[in-house]
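For reference, the structure discussed in these notes is given below.
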Amino acid sequence: MSAVLTSSGQGASVGPERSEGVWAAAWRRYKADRVGMVSLVIVLLFLVLIAASALNLVAKDWQKEVGVPNAPPTFLGPAPPEATGVIEQPKGPNVDISAIDPLAPKYAEWAEKSKAYATAETVKAETLPLGGDRLGRDVLSKAIKGTEISVFVGVLAAVVATFLGTLLGALSGYLGGKVGDFFEWLYNVFEAVPGILLIFAFAAVFGRGIGTVVLILGLTGWTGLYRQVRAEFMKHRSREYVRSAEAIGASSFARMFKHILPNVSHVILVRMGLLVVGFIKSEVILSYLGLGVGIDDVSWGTMLSEAQAELILGYWWQLVAATAFMCVFVTAFSLMADAARDALDPKLRGLE
């Protein structure tokens, strides 16, 4: 307590200044990281784009064939006739077109008749903003919709893995004994099999689909977080604040999830951010190999799989679009997670 003079000359006691909270201090340190702030802005822009796609404000017609097959990007201009397979008939006074193509005289008649059935939807664009795929679908719309599905799968799978890893790690680290031994055995079973093989095995059993991919990644990706949470709970269970809670009659559940969990939440959040990046990559690999999302959905992995055949023919724009969207988001999210880890690191807090 300290005293200060008021306008009347009397002393008034002033209480001690309130210390800065953990999250407020972390946000202050995070704002000082320019790379982290730029990454945060990029991730937020992607999230806005994903929300707009989920609400069908953008990319709702990604399945429609709005352009000619393999329509080039707009900045390249229309493709030459030989690239699209359309060959102009030779013209000239001495050229007999019917000798080259017996049906040539009928073309004009058929064209006139087809005009009566033509609608605005049958007119397909010769170019699209980022090009078209082999069916004439807009690559930009596919990339936006693919971003929604890939990021949704990565985030939801990370939530499932984080829940499992946190729950099992808390029980194993705090209770110990036979409970801890059982979860350690379960952990060793999952760790004994290479992760990618375990993912492929689950994918072969459960089949394709967004829900299946989320379940597969969530069930196979909890082990790393489990070890970290278990170690943190073993360290905190003997701390004075936990002993004090036990002395006043707090249950084991309350001590684990009301007292210890908030003090180790920064470890869980940072690890969850890393899981999101890893699961997005895993979803891309699974979809690329035909074990990921369904055939009626699109993701970065399915786009890369389609682009493999198109690239041989010289149509590179779908590959570039999917790769660019994936690289920008994954890089920004990784840098954001690194900045969050540094901001929440207790060792760095102690150096201030």
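A short reminder: the numbers here are calculations on the coordinates, not readings from a lab. Since the model is a prediction, treat every value here as computed from it, not as a measurement. Because the Cβ atoms are built from the backbone with ideal geometry, glycine has one as well, and the counts that use them run over all protein chains shown.
Packing-based ranking of 322-329, 206-213 yields 322-329, 206-213, ordered from highest to lowest mean Cβ neighbour count within 10 Å. Each part reduced to its alpha carbon centroid, the range 271-301 and the range 219-246 end up 30 Å apart. In this label model, Phe163 and Ile248 are separated by 3.1 nm, measuring between points 7 Å along each Cα→Cβ vector. Residues of the range 327-341 with backbone nitrogen within less than 12 Å of a virtual label 7 Å along the Cα-to-Cβ line of Met37, please, listed as ranges. In the range 327-341, the label zone of Met37 (backbone N under 12 Å from the point 7 Å along Cα→Cβ) covers no residue.
Pairs exceeding a 20 Å alpha-carbon distance, out of Lys178/Lys258; Lys31/Lys235; Lys60/Lys145: Lys178/Lys258; Lys31/Lys235. Across the range 245-352, Cα pairs under 8 Å and at least six residues apart give a relative contact order of 23 percent. Ranked by the mean number of other Cβ atoms within 10 Å of their residues, highest first, the peptides 184-195, 165-176, 258-269 come out as 165-176, 258-269, 184-195.
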